[in-house]
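In what follows, a single structure is set out as C-alpha cells and then discussed.
The values are calculated or read from the model by the stated rules, or taken from the named source; none is laboratory data. The shown structure was predicted, so the numbers you read here are calculated from the model rather than taken from an experiment. So basically every Cβ, Gly included, is an ideal-geometry build from the backbone, and we count neighbours across all protein chains shown.
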C-alpha cells in the first residue's frame, strides 16, 4: 500500500503497476540522455544523430508526460471511485448496523416481554400453588378436625357401650330381667320372619300357662309354642372355670339347668289337641347354643326325645322361615277356589283378547289392501300427468283416440 497525501494506492493495482513501469522507462530515458550528453564530448559526429535521437526521445518523453497526466487522471478517478465506494460501503454498513441495532432492540424488547410474561405466569403459578397448598392445608385441618370429632364420638360410643355392657351384665345377673331380654330378642326375630297375624306373643293356653310365643301353624302339626330360656349362671360358671374339675362341675350344672328347662317346656306347652306335638326352646345366645351342641350333645338328644327342639337366634330365624313357607302353602290351599275362579276369569279375558286381536288384524289387512290400491291409482295418475306434461299422446289407448279432436279437417278420401 502506497500513501500519497490523502490518497492510498495498492501495489497490486494494474494502474499503479503501469505508472511504475512508465516511471522506470522515464528514468531509463533520462539515464540514456545523460549518457548521450557525456558521449557528445567524445564524438562530435555522433552529436547530430544523438540530437535527433534526443528530439525523438523528447517527443517520447512528452508522450510519456501526457500518459503520466492521463495516468494521474485515472488514478484520481480511481481514488474518487474508491472514496465513493468507501462512503457507500460505510453508509451500507451504517444502515445494516442500524437495522441490526433495531433488530437487537426488538429482540431485547421481545425477550423482556417474554421474561415479564414468564415471570407473571410463574408468580401466578406460585400464587396458585400457595393457594392450593393453603386450601389443602385447610382441607387437611378440616379433615383432621372431623376425624378428631369422629374419634370423640367413637370414644363417647365406647363409653356408652361400656355403660350398656354394664347394664347388660346387670340385666343378665337378674333372672327376671334375663327372661325379659330373651323375650324381647325372640319378639324381634319373630316379627321380622312371620306375618303379624300368624303368631301371638304371651299367649295363655287352656292349662293357664302363658307361652312367650305361639305360632299358628295349620294342622298338622298345629300351633307350636316357642319359649325363651337363658341358663346364664351355669354358662357363666363354665366360662369362668380355670381347672378341669371346675369345668366338669360347670358342665354338669349347665346340663342340669337345660334338662330342667326341657322338662318344663314339655310339660307346660305340649297339649294334645291344642298345640303341636312338640315345642321350641329359644336360647338367646349363640355361645350357649354352640357350647351345648359341642360339649353336651346328650342333652340335645334328650330334648329331641322330649319333643323339645333347641334353637339359637340364627337357627330360630331359619326355622321361622320354614314355618312361613308352611303358612304360605296353607293359605294358598285355602285360597285355591278363589285362585281357580280368577284363573277362569283370566282365561275368558285371554280368549276375548285373542278375538279382538283377530278383528284388529282383519282391519289392518283391509287397510293395507286399500293403501295398496291407493298407491296403484296414484302411480297411474302420475304416469298420465307425466305424459300430459311432455305432450306424449302416442301411448294412448286405441279406444281413447276417438275422443281426440283433430287439429285440421280431414279429407273425404282419407
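Per-structure values
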quantity	calculated
Residue identified as closer than 30 Å to residue 19 by Cα and at pLDDT below 75 among 127, 85	85
Residue in the range 278-286 that is under 16 Å from residue 213 (Cα atoms), out of contact with any helix residue (DSSP H, G or I) (no Cβ under 6 Å at 6 or more places or on another chain) and either free of Cβ contacts under 8 Å to residues at least 60 places away in the same chain or surrounded by fewer than 14 Cβ atoms within 10 Å (Cβ to Cβ) (or both) present	yes
Test set (1) in the same structural domain as residue 307 (by TED's automatic domain parsing); (2) at pLDDT below 85 - residue 188 fails condition number	(2)
Neighbours by Cβ (under 8 Å, 6+ apart or cross-chain): first from the range 358-371, on the phi < 0 side of the Ramachandran plot; second surrounded by 10 or more Cβ atoms within 10 Å (Cβ to Cβ) and part of a helix (DSSP H, G or I)	none
Elements of type helices (runs of 4 or more DSSP H) contained in the range 209-328, each with 3 or more residues being closer than 15 Å to residue 182 by Cβ	232-240, 244-269, 286-295
Criterion (in the same structural domain as residue 20 (by TED's automatic domain parsing) and in contact with a helix residue (DSSP H, G or I) (Cβ under 7 Å, 6 or more places away or on another chain)) met by exactly one of 97, 108, 75	75
So residue 19, is it modelled with pLDDT of 70 or more, loosely packed, with under 13 Cβ neighbours inside 10 Å and in a helix (DSSP H, G or I)	no
